[in-house]
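A.B. asks: One structure, as structure tokens, below. Some questions next.
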Amino acid sequence: MNLTNPDKRYLFPDDYMADPSVHVFNGRIYIYPSHDWECENVENDNGDQYVMKDMHVLSIDGDPMTGKVTDHGKALDIADIPWAGRQLWDCDCAGKDGKYYLYFPLKDKNDIFRIGVAIADRPEGPFIPQPDPIRGSYSMDICVLPDADGEYYLYFGGLWGGQLQRYRDNKALESAYLPEGAEPSLPSRCVRLTKDMLQFAEEPRPIQVIDKDGNPLRADDPHRFFEASWVHKYNGKYYFSYSTGDSHLLCYAVGDNPYGPFVYQGVILTPVVGWTTHHCIVEYEGKWYLFHHDSVPSGGKSWLRSLKVCPITYDEEGRILPIDGGGDPWTE
Ligand code: FUB
């Protein structure tokens, strides 16, 4: 694999933030990141080291590679969410009819991830949470796609600490089941939102990433879905991108509609410094950018991450040229 090494920028050196979801609202770039905190816990596969308690909205004056970044302050605090337990993870925001809807995953008082909605009059918030989580919601890592048909599609799901292995067919299992070997890998989920943006309009559907022969990627494939779904559209195609978790890649797959299936294409970003990798892909004034994070500024602490951005390039066939993440080398 030939890697590219475009210029990269740390966006907000003043604080540790991660998991960027980015949108252009009213011509301005807004970033909805997780707000990382120092923690005493030992790192574990349950993600107990990610103890986020609030979130801030950032915005950029113009070009993401050079524009001034503004911190608009605290936009949501778990102290204001009636059903909150702990761990406010990766959010995303959608704008509709002059209102802004922030979708956030948060563990409830039983330590189960649910998805909540909070509403604001401005993209920077503050966001007022609804009193209860979305009915039938589970797991974490949110992306909302506003589509040309006027519908909004919410993507979610993540393994291990994200609890997706505890569910099948949208129902909680008695015990978690993680597929192994040649078994099909666990898929992300996609669900259309109701017109008022506050509930699921249907049962969430599995998002299959398939190989060129139409088979779901295997559970032991280092390119299989793990967490951090993002969907963007390029030349009329739907690009589903995601983190592979324990193989530390960002990969993508392409489909013809919001639900897929999505045919696996390749790696976007090789491993960064730090365990997690998480991203979004956004167009601004005709150029495309990858927003992501790494743990270089914290000296490699995987729970203290810093936001980054770099340009991405598509080739003539719409393939994304893979980028060197700067972490331990990875070989395909
Ligand atoms: O920030 C907590 C978790 O780490 C996110 O939900 C994952 O995507 C990973 O970045």
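A.B. asks: Please identify the chymotrypsin sites (Phe, Trp or Tyr not before Pro) of region 63-109 that satisfy two criteria: DSSP loop assignment and at most 12 other Cβ atoms within 10 Å. Which are they?
C.D. replies: Answer in residue order: no site qualifies.
A.B. asks: Could you check the spin-label model distance between Lys237 and Glu43? Points 7 Å from the Cα along Cα→Cβ, value in nm.
C.D. replies: Label at Lys237, label at Glu43, 3.5 nm between them.
A.B. asks: A follow-up question, please. Count charges around Ser21 for me, please; just the other residues with Cβ under 13 Å from its Cβ, Lys/Arg as +1, Asp/Glu as -1. Walk me through the numbers on the way to the answer.
C.D. replies: Numbers: positive: none; negative: Asp19, Asp90, Asp92, Asp141.
With Lys, Arg at +1 and Asp, Glu at -1, the neighbours total -4.
A.B. asks: While we're looking at this one, here's another question. Which loop chymotrypsin sites (Phe, Trp or Tyr not before Pro) in region 166-223, with loop taken from DSSP, have no more than 15 other Cβ atoms within 10 angstrom of their Cβ? Numbers along the way, then the final one.
C.D. replies: Working: sites: Tyr167, Tyr177, Phe200; in loops: Tyr177.
When the chymotrypsin sites (Phe, Trp or Tyr not before Pro) of region 166-223 are filtered for loop state and at most 15 Cβ neighbours within 10 Å, Tyr177 remain.
A.B. asks: Explain nothing, just compute: Karplus ³J(HN,Hα) = 6.51 cos²θ - 1.76 cosθ + 1.60, θ = phi - 60°, for every residue of region 307-323 in order, whole Hz, x for Gly and Pro.
C.D. replies: 6, 9, 9, 8, x, 10, 10, 9, 7, 5, 9, x, 7, 7, 6, x, 10
A.B. asks: When ligands, DNA and RNA are left out and all protein chains stay put, how many square angstrom of accessible area per residue does the chain have with a 1.4 Å probe?
C.D. replies: On the way: 13560 Å² over 332 residues.
Per residue, the chain has 41 Å² of solvent-accessible surface.
A.B. asks: Just how large is the dipole of region 10-230 about the Cα centre, in debye to the nearest 20, putting +1 at every Lys and Arg Cβ and -1 at every Asp and Glu Cβ?
C.D. replies: Details: 22 positive and 39 negative charges, 136 e Å.
Result for region 10-230 is approximately 660 debye, rounded to the nearest 20.
A.B. asks: Go through Pro129, Pro258, Gly245 and say which Cα lies farthest out towards the positive end of the charge dipole of the chain; charges sit on Cβ, +1 for Lys and Arg, -1 for Asp and Glu.
C.D. replies: The listed residue farthest towards the positive side: Pro129.
A.B. asks: Right, something else. Amide H to amide H, which residues 5 or more places from Ile29 or on other chains are under 5 Å from it, using H placed in the peptide plane?
C.D. replies: Counting only residues 5 or more places away or on other chains, the set is Ile60, Gly62.
A.B. asks: Among the GluC sites (Glu not before Pro) within region 1-105, which fall in a DSSP loop and have no more than 13 other Cβ atoms within 10 Å of their own Cβ?
C.D. replies: Numbers: sites: Glu38, Glu40, Glu43; in loops: Glu38, Glu40, Glu43.
Sites meeting the loop and neighbour criteria: Glu38, Glu40.
A.B. asks: Rounded to a whole number, what % of the accessible area of the chain do carbon and sulfur atoms account for, probe 1.4 Å?
C.D. replies: Details: 6490 of 13560 Å².
Whole-percent figure for carbon plus sulfur exposure: 48.
A.B. asks: How far apart, in nanometres, would the label points at Leu3 and Ile128 be if each is projected 7 angstrom from Cα along the Cα-to-Cβ direction?
C.D. replies: Using points 7 Å along Cα→Cβ, the separation is 4.8 nm.
A.B. asks: Same structure, new question: Roughly what would the spin-label model give for His72 and Ile119, points 7 Å off Cα along C-beta, in nm?
C.D. replies: Those two pseudo-labels are separated by 1.7 nm.
A.B. asks: Can I ask one more? Between region 10-68 and region 273-316, what is the separation of their alpha carbon centroids in Å?
C.D. replies: 11
A.B. asks: For Gln265, list long-range residues whose amide hydrogen, built 1.01 Å from N in the peptide plane, is under 5 Å from its own amide hydrogen.
C.D. replies: Under 5 Å from the amide H of Gln265: Tyr252, Ala253, Val254.
A.B. asks: Rounded, prolate or oblate for region 209-304? Axes are the square roots of the Cα gyration tensor eigenvalues, ordered a ≥ b ≥ c, and the cut-off for rounded is a/c under 1.5.
C.D. replies: On the way: a/c = 2.87, a/b = 1.30, b/c = 2.20.
The shape class here is oblate.
A.B. asks: Let me ask something additional. What translational D, rounded to a whole number of µm²/s, comes out for region 10-230 from Stokes-Einstein when the hydrodynamic radius is the Kirkwood one over Cα pairs, at 10 °C and 1.306 mPa s? Present the calculation step by step, with values, prior to reporting the outcome.
C.D. replies: Values: Rh = 18.1 Å.
Value of D from the Cα-based Kirkwood radius: 88 µm²/s.
A.B. asks: Assuming a ≥ b ≥ c are the square roots of the Cα gyration tensor eigenvalues, decide whether region 280-332 counts as rounded (a/c under 1.5), prolate (otherwise, with a/b larger than b/c) or oblate.
C.D. replies: Values: a/c = 3.78, a/b = 1.57, b/c = 2.42.
It is oblate, given that a/c is not under 1.5 and a/b is not larger than b/c.
A.B. asks: While we're on this one: Please identify which residues in region 30-49 have an amide N closer than 14 Å to a label point set 7 Å out from the Cα of Ala176, following the Cα→Cβ vector.
C.D. replies: 44-49
The values are calculated or read from the model by the stated rules, or taken from the named source; none is laboratory data. Predicted, not measured: the structure shown is a model, and the values here were computed from it. With ideal geometry, Cβ positions are generated from the backbone for all residues, glycine too; neighbour counts draw on all protein chains shown. What goes into the accessible areas is simple: the full protein's heavy atoms, side chains included, and nothing from ligands, DNA or RNA. Shrake-Rupley method; radii C 1.70, N 1.55, O 1.52, S 1.80 Å.
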